[in-house]
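Engineer: I'd like to ask some things about the structure below.
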Amino acid sequence: MIGIIFDMDGVLYRGKEPVRGAKEVIAFLKARGIPFLFLTNNSTRDPSMYREKLRSMGMDVPEEAILTSGLATRLYMEKHLEPGRVFVVGGEGLRREMERLGWGVIGVEDARDGAWREVKHVVVGLDPHLTYEKLKYATLAIRNGASFVGTNPDTTYPAEEGLYPGAGSILAALEASTDVKPLIIGKPNEAAYEVVREKLSVDELWMVGDRLDTDIAFAKRFGMKAIMVLTGVSTLGDVERSEVKPDLVLPDVGELLSYLEAVL
């Protein structure tokens with residue numbers, strides 16, 4: 001049996017606009033009983049928040065089928081890092097995951113009073129409300145010995161107006177200010193794959209994504225069928241120039257439906 005992993009931004013939707021055919025593909029998979037997961041490197045929402053966003057676009061899926069880089073980061077930290085207070089540079093979804101960790105989250109207000117010295121882990125994702133002050137206290141904490149964890153390496157993410165700065169851009173700023181390289185959890189890294197394998201017990205995995213450097217690289221690294229759509233970040237020109245090659249390129253996720261009907 002196959003199982004299909006979908007990236008979300010640039011694959012199922014761009015910003016608030018669904019991609020053509022996305023809900024029909026999901027309905028087809030549900031009707032055929034084909035296992036699937038949504039795996040996003042975007043940590044600004046948690047699975048419950050993403051479920052509501054998908055429902056508003058006509059895709060009703062269980063919360064358990066949605067994996068974020070924020071969730072993967074929490075699961076990795078629970079298994080591999082020593083407990084300690086956390087400073088978050090990221091959106092509401094990442095903050096929720098770090099609160100669920102139960103180690104204590106230090107906010108900017110506490111950091112102003114010197115609590116940045118107590119931070120054991122700085123966790124960084126896409127932050128739509130990024131401020132210089134957040135970068136300052138993250139820098140101070142990392143230079144003071146805190147671990148530096150990134151949810152994902154995406155330097156951009158696709159939205160209605162075009163490509164916006166992503167988590168990788170924030171990580172680059174902090175790497176420059178601390179001279180420390182972050183431990184990155186999300187695609188294309190092994191920590192994200194570990195979470196996927198715990199969720200999907202199938203013979204063959206397909207990965208549907210829009211980025212060569214994360215989605216397609218992730219698929220190739222772990223032996224999945226790599227399907228790239230052209231509604232997000234990477235282009236056909238990028239494919240021609242890249243050493244990482246998808247197995248199949250489609251104009252959008254709607255075309256996946258015809259492909260599935262032909263091969264299944």
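Engineer: What size of dipole, in debye to the nearest 20, comes out for the range 81-184 about its Cα centre when the only charges are +1 on Lys and Arg C-beta atoms and -1 on Asp and Glu C-beta atoms?
Structural biologist: Here the size comes out at about 360 debye.
Engineer: Just to be sure I understand: if I project the alpha-carbon convex hull of the range 121-264 onto a plane and average over all orientations, what area do I get in nm²? Walk me through the numbers on the way to the answer.
Structural biologist: Values: hull surface 41.7 nm².
Reported value for the Cα convex hull: 10.4 nm².
Engineer: Follow-up. Taking θ = phi - 60°, what integer Hz values does the Karplus form 6.51 cos²θ - 1.76 cosθ + 1.60 yield along the range 57-72, in sequence order, with x for Gly and Pro?
Structural biologist: With coefficients 6.51, -1.76 and 1.60, one gets 9, x, 10, 9, 10, x, 4, 5, 8, 10, 10, 10, 5, x, 5, 4 Hz.
Engineer: Still on this structure, I have one more. What GluC sites (Glu not before Pro) in the range 144-217 are in a loop by DSSP, with at most 10 other Cβ atoms within 10 Å of the Cβ?
Structural biologist: For GluC sites (Glu not before Pro) across the range 144-217 that sit outside H, G, I, E and B with at most 10 neighbouring Cβ atoms in 10 Å, the list reads E160, E161.
Engineer: Let me ask another. With label points built 7 Å along Cα→Cβ from the Cα atoms of K136 and E109, find their separation and express it in nm.
Structural biologist: Rounded to a tenth, the inter-label distance reads 1.8 nm.
Engineer: Turning to a different aspect of this structure: Starting from 0.36 nm per residue, how many nanometres of slack lie between Y259 and F222 once their C-alpha separation is accounted for?
Structural biologist: 11.1 nm
Engineer: To make sure I understand, if each residue's beta carbon is the centre and we count other beta carbons within 10 Å, what order do W206, W116, W103 fall in, fewest to most?
Structural biologist: Result, fewest neighbours first: W103, W206, W116.
Engineer: How many angstrom lie between the C-alpha centres of the range 97-111 and the range 117-152?
Structural biologist: Between the Cα centre of the range 97-111 and that of the range 117-152, the gap is 12 Å.
Engineer: Dipole magnitude of the range 173-243 about its Cα centre, charges +1 at Lys/Arg Cβ and -1 at Asp/Glu Cβ only, in debye to the nearest 20?
Structural biologist: With Lys and Arg at +1 and Asp and Glu at -1, about 100 debye.
Engineer: Using alpha carbons only, how many angstrom separate the centre of the range 1-59 from the centre of the range 215-242?
Structural biologist: Here the two parts' Cα centres lie 18 Å apart.
Engineer: Please list log₁₀ I(q)/I(0) at q = 0.14 Å⁻¹ for the range 43-187, using the Debye equation with identical point scatterers on the alpha-carbon positions.
Structural biologist: One equal scatterer on each Cα of the range 43-187 leads to -0.63.
Engineer: Further question on the same structure: Which number do you get for Rg(Cα) / (2.2 N^0.38 Å) in the chain?
Structural biologist: Details: Rg = 18.4 Å, N = 264, 2.2 N^0.38 = 18.3 Å.
In units of the 2.2 N^0.38 Å rule of thumb, it is 1.01.
Engineer: How large is the helix-only mean residue ellipticity at 222 nm for the chain, computed as the sum of -39500 (n - 2.57) over DSSP H runs with n ≥ 4, divided by its residue count, in deg cm²/dmol to the nearest 500?
Structural biologist: On the way: 11 runs with 103 residues, N = 264.
Value at 222 nm, helices only: -11000 deg cm²/dmol.
Engineer: Would you mind classifying the range 68-126 by shape? Square roots of the alpha carbon gyration tensor eigenvalues, ordered a ≥ b ≥ c; an a/c under 1.5 is rounded, otherwise it is prolate if a/b is larger than b/c and oblate if not.
Structural biologist: oblate
Engineer: Right, another one. Less than 19 Å from a label point 7 Å out along the Cα-to-Cβ axis of V239: which backbone N atoms in the range 31-50 qualify, by residue?
Structural biologist: It comes to no residues whatsoever.
Engineer: Please list, in order along the range 13-23, the HN-Hα scalar couplings obtained from phi with the Karplus expression 6.51 cos²θ - 1.76 cosθ + 1.60 (θ = phi - 60°), rounded to whole Hz, x for Gly and Pro.
Structural biologist: Once rounded to whole Hz, the list reads 7, 10, x, 9, 9, x, 7, 3, x, 4, 5.
Engineer: Among T40, T178, T139, which one shows the biggest mean-square fluctuation in a GNM of the chain, springs joining Cα atoms closer than 10 Å?
Structural biologist: T178
All of the numbers you see were taken from the coordinates with simple rules; none came from a lab. What you see is a predicted model; the values in this text were computed from it and never measured. Heads up, the Cβs are rebuilt from the backbone with ideal geometry, glycines too, and the neighbour counts pull from every protein chain shown.
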